[in-house]
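Beneath this line is the structure, given in structure tokens, with notes to follow.
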Amino acid sequence: MKDLLKRNKNAAVSYSIVIVLFIVLSIMSGAGLLGRKYTALLVPVCCYIVAAIGLNMNVGISGELNLGQAGFMSLGAFTAVIVAGALNFHGVTAPALVMLICIVCGTVVAGFLGWLMSIPVLKLEGDYLAIVTLAFGQIIVNIINNIYLGIDENGLHFSFVNNTIQMQEDGNLLISGPMGATGVNTVSTFTAGFILVMISLIIVYHLMNSRNGRAIMACRDNRIAASTVGINAVAEKTLAFVVSAALGGAAGALYGMNYSSFAATKFDFNLSILILVYVVLGGLGNMTGTIIATTLLVVLPEVLRFLSIYRMLIYAIVLIVIMIVTNNQAIRLRLKNLRMKNGGRGKGKEVSGNG
Amino acid sequence: MQFLSYLISGLGLGSVYAIMALGYSMVYGIAKMLNFAHGDIIMVGAYVAFFAISGAGMPPAVAILLSVLVCTVLGVVIERLAYKPLREASSLAVLITAIGVSYFLENGALILWGADSKFFPSNIFPQGGITLGSLTISWLTIITIAACCIIMILLMLFVGRTNTGRAMRACSEDKGAATLMGINVNMIISLTFAIGSGLAAIAAVLLGATYPSISPTMGAMPGIKAFTAAVLGGIGSIPGAFVGGLLLGVIENLSKAYISQQLSDAIVFGVLIVILLIKPAGLLGRKVSEKV
Amino acid sequence: MADEKRKPVLEVQDLGIDFGGLTAVNDLNMKIYPEQIDGLIGPNGAGKTTVFNMLTKVYQPTRGKIFLEGQDMEKLNPVQASQAGIARTFQNIRLFYNMSVIDNVKTGMHNHISYNNFDAIFRTGRFRRGEKQAEEKARELLEIFHLSEYADLTAGNLPYGQQRRLEIARAMATEPKLLLLDEPAAGMNPQETEELMAMIRTVRDHFKIAILLIEHDMQLVMQICEHITVLNYGMLLAEGTPQEIQNNPEVIKAYIGD
């Protein structure tokens, strides 16, 4: 009973933080207190949080290093652009409706491709698995970078080579190769981002605290023992993979409708690594940590603007220092002793957790 | 004949990848970590050589030596400051720290040398090449392939025949046991990073001579390619890095020539996936199964 | 004896396995009867854990047959073997160290809880009922194994003796027909071993299952096992009651040497 309460407490804490942040930031934004730069970060932060929550499912709960989350985000983003373009062309422009349909489509496409990818990926282990996820991420971006897609009365026109698609007068070019998506109708809102974050949290927490969530964590902790109690590791890890990909797609869809133009190269390996950093810093398997770490790290470069050219350097040093301090045994022991001396209970911070 | 030409220049490109992959693989084999900052050390090597030749007017041989020296020291310093404190930590923690180091190097370069691309001197290696019938092989390609082969042979001799090499192999099997045998593991790990970084500098010069545009972010793609090549050959294996690198270069070049210039990346990574599905531990890697 | 009339829970016929050129186990025949505590002993390297790995289908035998309550286990993989009713513990304890004690037990119930992901996400009635059942059963098991006070503790923080018990509890959560214990008394002092023996008897009496255990602690084996199989160099050396085994000159020779 206590454990059930404890786990629900973790979820409750997460939900509360998100709700409070949303309310506070909405009020500040409405009252003009946020400033243009920070306001512009509201939706992206939500996107990164959702993508990070998804990745945490894979890296933290399932214990598999996934270096391709950006690929799924790009799938979501470009699917959203295509669907939105089609909807707009046929007269459907209500922002909420367009957003809903596009996010759902982005999620489904990314989730489906995540499932397809998991088939070869889960035949491998450890760093070999990691590099195949990286490979898939690169392949997706490379392909999208070469797609030309437009829409007119006759439907969608698609070309791989270059701008050889012929469209009617009133056709719209949706994706133009390396230039990416252009002329996107930006409909994403902070409210939508907030709702998406909440839904992601609910899905992940509900799965984690269920039979399959336990099975996934069992496979992470000891794959052989898990098979001994009748757990099929591939099936369980596939679930984690699909959820991770789907959430990446949802995040990407929201992202794609936030900018009037963006290119596939935005979703490269560097973005995958960035999301991974958010996840590890927040704590593997710790969703609340993910939310906090992502928010802080997305905002940090803006906060450090006063350091001008040195800000990213400081960012890098901060990252290195945090990693060393939180993972070096000697330092952690000293901190723990400090805490115990000051009356706290000695509870070490684990890199992995389960809730 | 065209095919042969593409094949040989692919081997040239692959040789550069192999040299980069060697550094990656050695560090992984002995320090058991993925040094994501490896690509950025290559970037530093390129800049040092550039400034030595274009800025200070040094002869190319001296510049290369200087670059190797700087990178070697840099590699060891990074290891001592950033990675050594995390020896007992999870591999994921070290990975993220390596990413931090990568950010640091990239942004440091940005501040010091600006974001605009510089042009690597194109005359440090003899121009032209040798012609066999209708086939022309550039001197650069020949030198690159030769350098790679020499490095490979030297490394294999070093690791296989010397005491230090034996100590390195011991560390890669079991650090604890190695310590008990009186091996100075810290020294071995630092040496590994030194060698890896030195090789990165050589790769940097060859890379710069092939693709003369250098910038602070030039190390990202080579880093990925090095990682890919190392895994392809079986990560931790020196001959594996050699084979992986060459194969990667050849596939990339042939893809660009015969299938599609733009989609060559997708094809290369596609081939990687297929190969790993057939050989899950890489071409020359050994799969270590867990004892039940 | 009355046993012979009953049908065996486990029947092993001419079982053998080769690893490359090495024959690790050969010509093994065993029968284990319901509610019997059986021992599998032999010098180090005799192939005992290999036999366990074959029974749980972690290794695929090269020759021979395994029947669990009459069902041929040839085509089963480890997951299916568990579902068929074989559970085991390991020489080096394999717990889910990052999960709580009660969650470790609940993982054992994986195949006996019946709701799907949709139920889990939307917290349907089926989910609630399934979780309530799992919680109750897990608590029951913890009670039997004297682990109730540790329910919410992370498994990695348990003392060694309790870790062993937890492993057995998790194995019992799978509702097996046959429980395989691989050196359960390893690393235990005499008092802990006594408690373990009582625990094993309780498990057999309460759950009415057959138990096969590998052990080096001869005292435990002789006291608790009703039937013993002796392995040497991968082959059956002797089998019988503890009395018979103790007095078997071949067995004595195998352990002590000429």
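Every read-out reported here was derived from the displayed coordinates using simple, explicitly stated rules and does not represent laboratory data. On a predicted model such as this, the values are computed, not experimentally measured, just so you know. When we count neighbours, we look across all protein chains shown, and the Cβ atoms used for this are built from the backbone with ideal geometry, even at glycine.
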Over region C:50-205: Kirkwood hydrodynamic radius from C-alpha pairwise inverse distances, Å | 16.7
Once whole DSSP H runs in chain B are found, which of them have Cα atoms spread over 30 Å or more along the helix axis and a mean Kyte-Doolittle score of at least -0.5?
-> B:2-31, B:91-113, B:139-161, B:185-210
Against the longest principal axis of chain A, how steep is helix A:126-144, in degrees 0 to 90 to the nearest 10, with axes from Cα atoms?
-> 20
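Determine the calculated [θ] at 222 nm for chain B from helices alone, applying -39500 (n - 2.57) to every DSSP H run no shorter than 4 residues and normalising by the residue count; nearest 500 deg cm²/dmol.
-23000 deg cm²/dmol
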Footprinting proxy, A:Lys266, B:Lys225: sorted fewest to most Cβ within 10 Å, the residues are A:Lys266, B:Lys225
Among B:Gly39, B:Gly282, B:Gly165, whose mean-square fluctuation peaks in a Gaussian network model of chain B (Cα, cutoff 10 Å)?
-> B:Gly165
Between 0 and 90°, nearest 10: helix A:287-303 axis offset from chain A longest Cα axis | 60
Using a cut-off of 22 Å between alpha-carbon atoms, which lysines can reach A:Lys266, once sequence neighbours fewer than 8 places away in the same chain are excluded?
-> A:Lys37, B:Lys225
When N is the residue count of chain A, what does its C-alpha Rg come to as a fraction of 2.2 N^0.38 Å?
-> 1.04
Given the options A:Asn172, A:Asn222, A:Asn209, which has the most mean-square fluctuation in a GNM of chain A, springs set between C-alpha atoms less than 10 angstrom apart?
-> A:Asn222
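Over the Cα atoms of the protein assembly as shown, Rg to Rh with Kirkwood Rh, two decimal places?
Rg divided by Rh gives 1.01.
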Around B:Ser215, what is the net charge, scoring Lys/Arg as +1 and Asp/Glu as -1 over all other residues with Cβ under 9 Å from its Cβ?
-> 0
GNM, chain A, Cα, under 10 Å: largest mean-square fluctuation among A:Val229, A:Val108, A:Val81?
-> A:Val229
Would you please state the base-10 log of I(q)/I(0) at q = 0.14, 0.19, 0.25, 0.29 1/Å for region C:96-157, with intensities from the Debye formula using one equal scatterer on every alpha carbon?
-> -0.42, -0.72, -1.01, -1.14
What angle do you read, to the nearest 10 degrees and between 0 and 90, between the alpha-carbon axis of helix A:269-282 and the longest principal axis of chain A?
-> 30
Along the positive direction of the dipole of the protein assembly as shown (beta-carbon charges: Lys, Arg +1; Asp, Glu -1; about the Cα centre), which of C:Gln246, A:Ile224, A:Ala96 reaches farthest?
-> A:Ala96
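Given the rule -39500 (n - 2.57) for each run of at least 4 DSSP H residues, summed and divided by the residues of chain A, what is its mean residue ellipticity at 222 nm, to the nearest 500 deg cm²/dmol?
-23000 deg cm²/dmol
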In whole angstrom, how far apart do the alpha carbon centroids of region C:138-167 and region B:243-279 sit?
-> 52
So how do C:Asp182, B:Asp40, B:Asp174 line up by other beta-carbon neighbours within 10 Å, fewest first?
-> B:Asp174, C:Asp182, B:Asp40
In debye, nearest 20, what is the charge dipole magnitude of region C:92-202 about its Cα centre with +1 on Lys and Arg Cβ and -1 on Asp and Glu Cβ, if you could check?
-> 520
Among B:Met152, C:Ile211, A:Ser14, the residue whose Cα sits farthest towards the positive end of the charge dipole of the protein assembly as shown, when +1 is placed on the Cβ of each Lys and Arg and -1 on the Cβ of each Asp and Glu, is A:Ser14
Report, ordered by chain and residue number, the aspartates and glutamates lying within cross-link reach of C:Lys7, taken as a straight Cα distance under 18 Å and ignoring same-chain residues fewer than 8 apart.
-> C:Glu35, C:Asp38, C:Glu69, C:Asp72, C:Glu226
Let me know the longest stretch in chain B that avoids all GluC sites (Glu not before Pro) found in a DSSP loop with at most 12 other C-beta atoms within 10 Å.
-> B:89-289
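Counting other beta carbons within 10 Å of each residue's own, what order do B:Val44, A:Val187 fall into, fewest first?
Going from least to most buried by this count: A:Val187, B:Val44.
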Any idea what the dipole of the protein assembly as shown comes to, in debye rounded to 20, about its Cα centre with Lys/Arg Cβ at +1 and Asp/Glu Cβ at -1?
-> 1800
Put +1 on the Cβ of each Lys and Arg and -1 on the Cβ of each Asp and Glu in region C:96-157; which of C:Asn116, C:Gln133, C:His146 then has its Cα farthest toward the positive end of the dipole?
-> C:Asn116
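Within the set of other residues whose C-beta is less than 15 Å from the C-beta of A:Gly248, count the net charge using Lys and Arg as +1 and Asp and Glu as -1.
So the surrounding residues net to -1.
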Test item: Cα-centred dipole of region C:96-157, Lys/Arg +1 and Asp/Glu -1 on Cβ, debye | 340
